[in-house]
Amino acid sequence: MDKVPFIEEDSGYDVCWFCPSLRFPAGGFDVYERPTLECPFDPADGFRYAAGRVPVCVHPYKVGLPPGRYASAGEPVPAREPEPAADSVPARRDEPDRVVAMPPVNRGFVRRPHGRRPARRTATPTARQARTDPGPYTGALPPGLPEDIADLAEWIRALVDSATPESLADVLAGAEAAALTRFPEEQVIAVLRRALSGG
């Protein structure tokens, strides 16, 4: 089998930094239609795996392959489409522009000059308290909130991966509101920062 990665890092493909197509050749990873619990992130290395530690990509439109169990079930890899030019990558139907202006969302994150402590907010719970009020978010809370804070980052990443650019702000707000019903605010903010920074 060819050992060259399916996609080179400097190509026109807009794949994620953790995509297995950047590390494995064609047939060396599976492609799922979307993020699912069948292929969670491994917190040890930050990559997605299916059963048997088969690497998985969950963005077929980015990697240029239809969904298939190429590594786990030996499905044949279809002929590769020509590499897109960097300035001609087509937008998805639910993604009108590559650059999407995100509305400002400040639900617990405090921007401050380096080295200065934030002013204490009276609504901030103690480290041993979990906030039961979901705050200003009024939408439906996402399902599947984990019982253990150690699983929260993976849950948030899965929600973010499945969000469209237009719904990302609402998805993040819903995830934060749901998490605050079970965990202390300081822990939720720390996990959100870690999950969104790729850590």
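Observations, loosely collected:
- Residue that is farthest from Ile156 (Cα to Cα) [pool: residues in region 1-35 that are of a type outside the set (A, V, I, L, M) and free of Cβ contacts under 8 Å to residues at least 24 places away in the same chain]: Lys3
- Tally, over region 158-178, of residues that are crowded, with 18+ Cβ neighbours inside 10 Å and touching a Lys or Arg at 6+ places or on another chain (Cβ under 9 Å): 4
- Residue that is exposed (fewer than 15 other Cβ atoms within 10 Å of the Cβ), modelled with pLDDT under 90, of a type in the set (Val, Ile, Thr) and on the phi < 0 side of the Ramachandran plot, where the choices are Val63, Val15, Val4: Val4
- Residue satisfying all of: in region 179-195; in contact (Cβ under 8 Å) with a residue 40 or more places away in the chain and under 17 Å from the mean Cα position of the chain (by Cα); surrounded by the most Cβ atoms within 10 Å (Cβ to Cβ) among these: Val188
- Positions within region 163-188 being modelled with pLDDT under 85 and either polar (S, T, N, Q) or over 15 Å from Pro142 (Cα atoms) (or both), in sequence order: Pro165, Glu166, Ser167
The values are calculated or read from the model by the stated rules, or taken from the named source; none is laboratory data. Note that the structure is predicted; figures quoted are calculated from it, not measured. Backbone-built Cβ (ideal geometry, glycine too); neighbour counts: all protein chains shown.
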